[in-house]
Amino acid sequence: MTDDARKGFLSPRERRTVEAFAEVFIAGQGEALTPREIADNLDAHLVRVRSKRKASVRLVLFVIEYIVPLLALRGPFSKQSPRTRRRIIERYLIGPRAGRLLRNLAKIRTLFLLAYYGDPRVYPSIHFKPPPEQGRYRPGDLRPLDPPTPAVAPPAVGEATIVTDVCVIGSGAGGAVVAYHAAASGARVVVLEEGRHVRTGEITHSEPAMSALLYKESGLQATVDLEMTILQGRALGGTTVINNAICFRLGDAALTRGRDVLGEWATLGARLDRARLDASYQAVERMVGVKPLGDALVADVVVPPGTPGGPNGKELLDGWQALLGQRLGDPAFQTGLFRVNFDRCLSCGYCNFGCPYARRLSVLETYLPQATARGARLIPECHAVQIVTQRDRAVSVRAELADGRAIEVRAGTVVVACGTIGSSVLLLKSGIRRNVGSRFSCNVATPVLARFAQRLDAFESLQMTAFVDARDFLLESTFNPPMTFAAILPGWFEKHFDRMRAYDRFASAGVVLGTAANGQVKRCGLLRDLLGPVDFRLAPADLETLKRGIALLAELHFAAGAEAAFPGTFVDHEMSAARFAPGGRIDRAAIERHVAEIVHRPEDLTLNTAHPQGGNPMSDRPDLGVVDSAFRVHGFANLFVCDASVFPTSIGINPQLTIMALADYAWRHCIAA
């Protein structure tokens with residue numbers, strides 16, 4: 001046990017603030033944990049977190065303890081009575097006086113919800129049973145499969161220099177595919193991965209532990225202004241280890257109908273051969289076993305039987321079916337189930353926290369084992385610090401191991417595949433600046449939850465199963481385990497507590513929108529370490545589109561029979577069926593007016609993205625792009641970027657398959673260098 005683990009993260013003063021906040025925030029009849037136990041959980045989580053940004057937690061706690069009470073002419077927060085503490089929170093953090101800065105401080109509620117609803121002692125009070133306790137499974141069902149695993153080969157003691165033909169930085173959707181093909185071609189390949197090799201036996205159903213273990217910045221990554229959370233994986237295999245296995249192609253008729261993404265890219269100077277890319281999609285789909293959702297599941301553990309979407313996906317599809325007479329005369333809308341790369345999935349509902357049953361065919365089970373079988377060397381827990389260049393060539397990569405040792409990888413070709421954000425930061429730290437960090441975009445999402453009169457037990461299903469395509473946005477069914485669900489559920493104090501007690505009666509879906517490419521990734525420094533490198537703000541036109549999606553999703557929930565809908569707004573706005581769907585007659589105009597009244601700015605919404613894109617846009621124009629149409633960095637003969645950072649615009653759909661297909665398309669260029 002480390003010294004930090006023994007002494008904890010929080011100081012005695014910070015613990016007093018945490019306990020004082022928890023005492024009034026977690027409020028209701030039948031609390032399962034005491035404020036001290038909540039503080040214990042939060043402290044233990046912060047010890048696990050691997051991020052410089054957890055220092056910002058200290059700053060927020062200091063401001064809550066000393067600065068916010070001054071606004072009310074009061075002394076330290078923890079010294080006030082519970083009643084006064086609650087008034088301070090209501091007036092200055094969540095009320096109409098709460099400006100943008102104070103609203104961002106209020107987002108610390110997420111950590112308190114993690115500390116409370118991430119504890120199994122709370123589960124009985126919200127009618128939740130984790131998968132091993134659910135009656136739908138038979139003995140032996142939850143036994144992990146035994147997929148192939150890649151061999152890892154960290155540097156031996158004293159091995160400070162490695163010589164190779166190709167150095168791939170990053171082992172996710174882009175890097176793993178390039179590494180496999182390069183090794184299969186006979187090249188010597190070294191793959192550097194910042195994250196750990198997390199094995200199946202280490203993965204559990206603990207949301208706090210897995211978010212700390214598997215996520216970049218342990219899930220604390222956000223834009224500079226803290227308005228949008230950015231979720232990315234940090235493990236061998238990258239985000240493919242924690243995603244929902246959704247596989248869409250560019251140009252899928254049901255998703256990008258009327259939008260020619262490759263045509264848009266071509267106008268920006270990114271010219272890709274459509275036939276070659278189509279062949280790459282086919283090759284990737286064979287390798288990772290892409291199939292229709294219904295064919296990817298163990299069918300007899302799905303509840304209710306015969307519904308591949310499970311209860312949450314069924315609610316989305318039922319609601320849409322109920323709207324057929326009202327909305328589906330418009331050909332702009334289509335609906336369906338996802339295609340996925342699962343193998344005999346058990347629908348446990350924890351996809352975003354790794355699969356303890358090894359049923360996801362991520363690159364960790366496919367491309368990486370085959371790469372190492374062909375001689376590729378994987379070095380996990382190895383952070384690339386700088387690419388060393390001479391004139392028009394990259395000559396080596398300087399990196400640092402988890403134990404502090406420095407190594408240098410000398411390579412004939414360097415392929416940067418650190419993911420959006422990471423790739424731009426590395427290039428900037430290497431002195432490569434022209435256009436780097438530009439045209440950042442993402443698929444931004446915001447939730448709309450729905451409560452029903454009857455039990456749904458939506459947690460007994462896959463997290464994501466069904467979608468509605470509305471052409472300029474998607475509606476996607478998504479249901480989360482208790483901790484994550486609590487974080488996106490609006491409300492404070494007793495309202496939030498009572499809503500969580502109806503956890504088994506909720507359904508959930510999100511509006512997903514591909515944003516304008518108006519963001520920027522900046523080089524990390526002291527301030528960036530604290531706040532992050534991504535400077536992004538949702539464009540006004542994108543906000544208006546999100547509002548239309550929120551209204552449509554609320555309408556859909558009411559059509560499915562919900563008694564109330566809850567947009568993911570900062571200020572709590574419960575929408576009741578009695579007001580917006582009286583007698584079952586949905587008042588579409590009233591819903592749209594209400595959404596327009598409650599959402600004026602991006603900070604009014606809970607926003608997140610698991611699909612950041614751009615930063616190193618592809619264009620044959622050196623004045624616009626970072627890489628050309630061969631994925632080569634402008635001005636360099638042997639330096640390439642191959643991940644979602646090369647997207648000139650957001651593609652608007654789950655990008656996993658497209659990143660892999662582009663890597664399959666690109667590897668020959670990399671080898672030819």
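Miscellaneous remarks
- Of all residues in segment 443-461, those that are touching a Gly at 6+ places or on another chain (Cβ under 6 Å) and farther than 29 Å from ALA539 by Cα total 2.
- Residues that are farther than 17 Å from GLY419 by Cα, among the aliphatic types (A, V, I, L, M) and at pLDDT 95 or above do not occur anywhere in segment 647-668.
- Breaking point among (1) surrounded by fewer than 17 Cβ atoms within 10 Å (Cβ to Cβ); (2) in contact (Cβ under 8 Å) with a residue 60 or more places away in the chain, for ALA156: (2)
- THR200 being surrounded by fewer than 24 Cβ atoms within 10 Å (Cβ to Cβ) and either at pLDDT below 95 or within 25 Å of the chain's Cα centre (by Cα) (or both): yes
- Among the helices (runs of 4 or more DSSP H) confined to segment 388-505, the ones with at least 1 residues that are touching a Cys at 6+ places or on another chain (Cβ under 6 Å) are located at 422-429.
- Residue in segment 244-260 that is of a type in the set (Lys, Arg), part of a helix (DSSP H, G or I) and in contact with a helix residue (DSSP H, G or I) (Cβ under 8 Å, 6 or more places away or on another chain) present: no
- Only residues that are within 21 Å of VAL261 (Cα to Cα) and modelled with pLDDT under 95 were counted in segment 439-474, giving 8.
- Any chance THR609 is crowded, with 22+ Cβ neighbours inside 10 Å, closer than 30 Å to GLY422 by Cα and either in contact (Cβ under 8 Å) with a residue 12 or more places away in the chain or under 20 Å from the mean Cα position of the chain (by Cα) (or both): yes
- The set of residues in segment 556-579 that are surrounded by fewer than 24 Cβ atoms within 10 Å (Cβ to Cβ) and assigned to a helix (DSSP H, G or I) comprises ALA559, ALA577, ALA578, ARG579.
- Subset of segment 60-85 (residues that are within 19 Å of PRO35 (Cβ to Cβ), assigned to a helix (DSSP H, G or I) and more than 36 Å from the chain's Cα centre (by Cα)): LYS79, ARG83, THR84
The values are calculated or read from the model by the stated rules, or taken from the named source; none is laboratory data. Here the structure is a predicted model, which is why all the values come from computation and not from measurement. Quick reminder, even Gly has a Cβ in these numbers, built from the backbone with ideal geometry, and neighbours come from all protein chains shown.
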